[in-house]
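Novice: This structure is in structure tokens; I'll ask about it shortly.
Bear in mind that the values in this text are calculations on the coordinates, not laboratory data. Fair warning: this is a prediction, and the values are worked out from it, not measured in the lab. Cβ: placed from backbone, ideal geometry, glycine included. Neighbour counts: every protein chain shown.
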Amino acid sequence: MSALNLVEQSKRSAAFAAVDKHVGPSVRVLGVGSGSTVVYAAERLAELKQQNKLHPDLLCVPTSFQSKQLIVDSGLRACDLDDLPELDPSAPGSFASIDVTIDGADEVDSELNAIKGGGGAHLREKLVAAASRRLVLVADYRKNSDVLGEKWTQGVPVEVSPLAWRTIKRQLERLGPRSRAQGAVPTDAAAVAAFELAHPVASLRQAVRKAGPVVTDNGNFILDVCMGKIYDPPAVELLLKMVPGVIEVGIFSAMAAEAWFGNEDGSIACRI
Ligand code: 5RP
């Protein structure tokens, strides 16, 4: 089997296993993530739908334009997050209107913190994850790591306002060891996190063949911020998010309940 096939096979087995475990007739509202691994989750959902094994009125909340297409192409019903029926606030778990969300990841650490946004959809992915009772990540073996930044070396995706992306880039690059000396760090936890970072380098994500910046589904730009290993994901997430003009950061600290990885040998690992 070629290397590419092995990666694709591991994405598929992780996605199928996660859908089979979490999406049955009792799931009424499902969040559908974005990316190439979620394509396999949608394939499995379409099969289950054909076999009448899903809730007859299942609503699927998309996280991107791609995700909405996957939902529709699988014969399922898409529904925007804000259009979900309001829950009884006294019911247990009523903060979350989505039963479960299945999404991909660029890297997942041993504590289930994740980097997302390789496909530029992390703003809507985070909104949907935060409204979910359970976030389940699916990925191939290359994404399974101990510390964020160890395997995903392309940087943390940060969605920013196009109005002042150069200024935001400079401010992001001032974080890290230098910011401590300049007294520009907002909290103690963030100061420690910043001290541990390599000097961040932020690059504007470019469309293929440098046709111009990538524009997100929300009309914003993406800066990929390389900063080495991230030992304190919640503090670094907060640190990045406090820069004015940052709309959302692709660090998902402690949001996931589970991560499923397809291994190189064909087995599946589930981290809880
Ligand atoms: C998009 C994402 C994707 O879920 C992430 O990039 C993983 O993608 P893939 O399954 O193609 O490896 O966060 O914003």
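Novice: Based only on other Cβ atoms within 10 Å, what is the fewest-to-most ordering of 36, 97? Walk me through the numbers before you get to the answer.
Specialist: On the way: 36 15, 97 20.
Least to most surrounded, the residues fall as 36, 97.
Novice: Taking the Cα centre of the chain as origin and charging only Cβ (+1 Lys, Arg; -1 Asp, Glu), how large is the dipole, in debye to the nearest 20? Kindly include the intermediate steps, with their values, before the conclusion.
Specialist: Details: 29 positive and 33 negative charges, 145 e Å.
Around 700 debye, computed over the chain.
Novice: Sticking with this structure for a sec: Sort 235-244, 104-113 by the packing proxy (mean of other Cβ within 10 Å over each peptide's residues), most packed first. Kindly include the intermediate steps, with their values, before the conclusion.
Specialist: Details: 235-244: 20.2, 104-113: 22.4.
Packing proxy ranking, top to bottom: 104-113, 235-244.
Novice: Please give every one of the lysines within straight-line cross-link reach of residue 241, meaning a C-alpha to C-alpha distance under 22 Å, and leave out same-chain neighbours fewer than 8 residues apart.
Specialist: In chain and number order, the partners are 116, 126, 169, 229.
Novice: Tally Lys/Arg at +1 and Asp/Glu at -1 over every other residue whose Cβ is under 15 Å from the Cβ of residue 252; what's the total? Walk me through the numbers before you get to the answer.
Specialist: Numbers: positive: 116, 124, 126, 134, 143, 241, 271; negative: 103, 106, 107, 109, 111, 125, 159, 232, 237, 248, 258.
Once all neighbours under 15 Å are counted, the net charge is -4.
Novice: Which net charge results for the neighbourhood of residue 129, defined as the other residues with beta-carbon distances under 14 angstrom from its beta-carbon, given Lys and Arg at +1 and Asp and Glu at -1? Walk me through the intermediate numbers first.
Specialist: Values: positive: 116, 124, 126, 133, 134; negative: 99, 103, 125, 237, 248, 258.
Every neighbour counted, the sum reads -1.
Novice: Next up: Using θ = phi - 60° and the Karplus form 6.51 cos²θ - 1.76 cosθ + 1.60, what ³J(HN,Hα) does each residue of segment 202-216 get, whole Hz, x for Gly and Pro?
Specialist: Coupling constants for segment 202-216: 10, 10, 6, 6, 9, 5, 3, 6, 6, 6, x, x, 5, 10, 6 Hz.
Novice: Given R₀ = 22 Å, FRET efficiency for residue 130-residue 69 by Cβ-Cβ distance, to 0.05?
Specialist: Values: r = 23 Å, r/R0 = 1.05.
Working from the Cβ atoms, E equals 0.40.
Novice: Relative to 2.2 N^0.38 Å, what does the C-alpha radius of gyration of segment 1-40 come to as a ratio? Two decimals please.
Specialist: Values: Rg = 12.2 Å, N = 40, 2.2 N^0.38 = 8.9 Å.
Dividing the Cα Rg of segment 1-40 by 2.2 N^0.38 Å gives 1.36.
Novice: Which peptide among 246-253, 130-137 comes first, and what is the full order, when sorted by highest mean count of other Cβ atoms within 10 Å?
Specialist: Final packing ranking: 246-253, 130-137.
Novice: How many Å³ per residue does the convex hull of the Cα positions in the chain occupy? Before the final figure, lay out the partial values.
Specialist: Values: hull volume 38.2 nm³, N = 272.
Roughly 140 Å³ of hull volume per residue.
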